[in-house]
Structure formats: C-alpha cells, structure tokens
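Q: Pasting a structure here, questions to come.
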Amino acid sequence: MGEPGSLVMGGRAGGWVWCLRRVGMNAERLLLEDGNEVTIGRGFGVTYQLISKLCPLMISRKHCVLKQNTDGQWTIMDNKSLNGVWLNRVRLEPLKVYSLQKGDHIQLGMPLENKENAEYEYEVIEEDQERNPYLAPKSDQMMEKNKDLRTKRKFMDELEGPGAEGPSDLKSIISKVSCEPGQPVKSHGKGEVASQPSEHLDPKLTSEPSEKTTGAHVYSGPAKAVELHKKQKASYPLASQNILELFKVIMSRILKLKAQMQEKQVAVLKVKKQSRKGNSNKIVKMEQELQDLQSLLYAEQAQLQARVEQLVKIFNKEQQCLQGLEKEQEEDLKQQLAQALQEHQDLVEELNHSKKNFEAAIQAKNRELEQIKEEKEKVQAQKEEISSHLNDVLENELQCIICSEYFIETVTLNCAHSFCSYCINEWMKRKIECPICRKDIKFKTPSLVLDSCISKMVDNLGSEVKDHRMALIGERKEYHRIAKRHS
C-alpha cells in the first residue's frame, strides 16, 4: 500500500473507484480502472479522447499516460505533449513519472489569452460508482460521434505560415460567425457555423470569391440588395464581414496549395535527374513530403466542402427571412447565392482533378523509389561480399603459422617464408631453421609494405579486430622491453 491518501489499488471495497473529476463540471469524470493503463489525448486509440472547442491543437494526440506502479499507486506521465501537463500548478517534465495523491490538481494544456484557467482541469477523487454512474465515455464510445472533428496538424501549421492569418485569427472569425455579438461561442460539431436568426442575415453573405487562380474579390449585388443591406447593417455588421474574410482565407490557402504542388512537381523532376547513389536520406524526406502534401490536399478539400455546406445553410435561412420582401429582391439574392455555390463547386471539381494528377505523380515517384532501393540493396550486397573475401584473404594468406594471428612487424626469411618478428625470434631461441620448410635461417628482412597493407585491411574489418591487434602489439612490445632489460 502507498502513503496515506495516495491512489492505491484496492483501497476501498464495493463500488469505490479512483477517477478524475473535471473542475467546474461535476458530471464529467474520467474513470481510472485498476490494472489498466489510461491514456488521454485528442487522437484515436486513447482511452479518453478530448476535443478542445476553443483551440483544437491545445491537447496533443497522446497527451499524457496514467498507470499504476508495482505498488499499485497511480502515477501520471507527460507524453512529450506540446502544451504540457501541470500537477498542482507545477509543470511536469516529459516522460518522467509522478505519483498522484487524493485531491491533486491536474491541468492539461495552457490557459488561452484572457483566460485565467485552462480548458481541461481535473481533481483526483475517490468516487462511489454505484451512486454516481455518470462517468465520461471512453474513446471507442466517442469514435463515431467525433469522426468529423479530426484536425490535421500539418494543415494548421500551414495556416501559421508567413503572411497569413494564424489559427487563432481563423478560429476567431469562425467564432464570431457562429454566435451573435456579445454571446459566448458554442460548439456545433463537424466544424459547422451555427445558423443565425433570420433578422441577423445579410445579403452580402452571398458574396463569394470569383477568381480561382489570380485572387479573390467580392461580387457587387444589385442596387436593391445594397439598399436592403444599408437598412439591416445596424443589426448584423460583423456577421457579413467575417464570413467574407473567412472565404478570402480559404481561397488564399487554396492558391498557396496549388503553388506548393507545382513546386513539388519540379522537385520530383530534379530528383529523377540526380545520381541514385547516396540519396537515401533525401529519398525518405521527399517520400514523407509527398505524403504530407497529399494529406494537406485532402484537408483543404474537406475545409472547402464544409464552407460550401455552410453557405447552403445560410441560403436556406435567407429564403425564410426574405419571404416578405419583393420577388425581384428575392430572385437577386438567389442568383448571387447560386453563383457563389457554382464557384465553389467548380473549385471542388478542379481540386479533384488536381488530386488525381498528383496521385498519379506520387505513384510514379513510389515506383522510382522502389527501383532506387533495389539498386541500393545490390550495392550493399556487393560490399558485404568484398568484405567477406577480404577477410578470407587475411585469414588464409596473411596469418603467421606460429601465433595464428595477422602478421605483426613482418619479416621474410631467406627461404621467402614470412613470420611475425616476435614469433620468429622466439622460435630461433630453440631452432635456427624455418618452421615451414626446415631450411637454415641465414637472414631476416623486414617487410614494411606487407605491414602497411595488413594495417589498412584490418581497419576495414571493424573495431573489434582492430582493438585485438593493437592489444597484441602492445603485449609484444612489453615482452621485448622486459627481455631487453633482463639481458
């Protein structure tokens, strides 16, 4: 058992369990099941999936891990999250395990600007599950519900690029459109903008970017629609302006994506012309870039499709609002909305066509990568064969028959046989004849070329062989020094 008040398995009988109660929300609890590892994050495959309504990237895919140690005490670990984990207002070091006590305060992520507290704050409590069965559903139970709430990190990073509005600005625009001025922002799921009351709709909502390749501009409505806009402008000026800004942001992202795809095509052609040797790192990097580009393309299409759906909903709401107006004004508004929808549909078709072209380019690049990998494997096999042959030559031709080691300070006798200098000197203390052919030894000649060749070949055989040879050389020098001292 752990310390008093510590989270230890089996501390209470019956239906008492440890859980995390969200601060300020008494009905939301995260159950800590005995013997199971609990993971929290916004990605799929975690125990509890948290989707932030204010900042989608505040919670990492696998933000933190809670599990029991060998003593059964619950611990928490920050899984290298981007915005951190706080335990009792102190930020935890990543990948370091900390013990939990009853009443501890856990904070996931940081507070947003102008906010005192983070969105997800929990208190460690012991709860009677039979009395309070309303625990938060697990990730697999929320999988279908949150299917369309996935956020692409690469897409959000792209929004943070130079010269573009940041993610916080984009979220601010969406928040202003999805609620009345002065009202708190509410989540509507699937990234949809909440429908406005009929009296807050603006004919300028039908304005849409028209040029898909050179930029974006706002259509000018007929004179009657402009007059209607002036009459209603006092009640909803922010909604129309912000929705137009949102359209401009989306159009600029699409144009930027097209430019990046063209640059990637040029890069692919350059790689094809380059040498295939020594480019493994570049090949892996380009393969990853191609995958990221494809993911970004899908995210951009989904974003654009969501905006089209928003525009359809605004169109339907506008029809209800303008039933009492003159027929000519209603027809003008319908025409503008239809034209804006057609622009978006044309752009979606163009993106689909571009997607098919790039998928074909990616497949061709993948085939080329496979060919390069096969050639690299062949070169590696040849290197291994050469190394094996070199080792055989050393063992069969360049070994001293006295010590069975590679020649050290090679000397060649008058009979043309070679030995280690140390070995033949020790041999000659007993016999003055060649150990191989038994001829009398008349002279010894050092073979510096052979020593140099052996040293260079040993350098290519690995550190273990080289260290063994250096140890033998040191031992023989020490023996020679001792023998010289005694003589």
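The values are calculated or read from the model by the stated rules, or taken from the named source; none is laboratory data. The structure displayed is predicted, hence computed values, not measured ones. In this analysis, Cβ positions are derived from the backbone assuming ideal geometry, glycine residues included, and neighbour counts consider all displayed protein chains.
Q: Test Phe358 against the criterion of being of a type in the set (Phe, Trp, Tyr), closer than 30 Å to Arg438 by Cβ and either surrounded by 11 or more Cβ atoms within 10 Å (Cβ to Cβ) or within 28 Å of the chain's Cα centre (by Cα) (or both), and give yes or no.
A: No.
Q: Any idea which residue in segment 104-117 is farthest from the chain's Cα centre (by Cα), counting only those that are touching a residue at least 40 places away in the same chain (Cβ under 8 Å) and crowded, with 19+ Cβ neighbours inside 10 Å?
A: So, considering only residues that are touching a residue at least 40 places away in the same chain (Cβ under 8 Å) and crowded, with 19+ Cβ neighbours inside 10 Å, the one farthest from the chain's Cα centre (by Cα) is Ile106.
Q: Taking the conditions exactly as written (outside the structural domain of His468 (by TED's automatic domain parsing), of a type in the set (D, E, K, R) and surrounded by 10 or more Cβ atoms within 10 Å (Cβ to Cβ)), does Glu375 satisfy them or not?
A: So Glu375 passes the test.
Q: Tell me, yes or no, whether segment 337-350 has at least one residue that is in the same structural domain as Arg307 (by TED's automatic domain parsing), closer than 18 Å to Lys282 by Cα, at pLDDT 90 or above and surrounded by 12 or more Cβ atoms within 10 Å (Cβ to Cβ). Talk me through it step by step, then tell me what you get.
A: Narrowing segment 337-350 to residues in the same structural domain as Arg307 (by TED's automatic domain parsing): 337-350.
If we keep only those that are closer than 18 Å to Lys282 by Cα as well, we get none.
The answer is no; no qualifying residue exists.
Q: If you don't mind, another one. Looking only at segment 389-413, how many residues end up being touching a Lys or Arg at 6+ places or on another chain (Cβ under 8 Å) and not acidic (Asp, Glu)?
A: The number of residues fulfilling the criteria is 5.
Q: Here is a list: Ala416, Ala471, Ala381. Which entry is modelled with pLDDT of 85 or more, surrounded by fewer than 15 Cβ atoms within 10 Å (Cβ to Cβ) and over 60 Å from the mean Cα position of the chain (by Cα)?
A: On the way: Ala471 fails: over 60 Å from the mean Cα position of the chain (by Cα); Ala381 fails: over 60 Å from the mean Cα position of the chain (by Cα).
Checking each option against the conditions leaves just Ala416.
Q: Sticking with this one: What is the one condition in (1) touching an Asp or Glu at 6+ places or on another chain (Cβ under 6 Å); (2) crowded, with 20+ Cβ neighbours inside 10 Å that Lys67 does not satisfy?
A: Here Lys67 clears every test but (2).
Q: Would you be able to say whether some residue in segment 63-70 is of a type outside the set (S, T, N, Q) and either over 13 Å from Thr39 (Cβ atoms) or not assigned by TED's automatic domain parsing to the domain that holds Gly41 (or both)?
A: No: segment 63-70 contains no residue that is of a type outside the set (S, T, N, Q) and either over 13 Å from Thr39 (Cβ atoms) or not assigned by TED's automatic domain parsing to the domain that holds Gly41 (or both).
Q: Which condition from (1) surrounded by 11 or more Cβ atoms within 10 Å (Cβ to Cβ); (2) of a type in the set (S, T, N, Q); (3) under 21 Å from Asp459 (Cβ atoms) is the one that Asn425 breaks?
A: Here Asn425 clears every test but (3).
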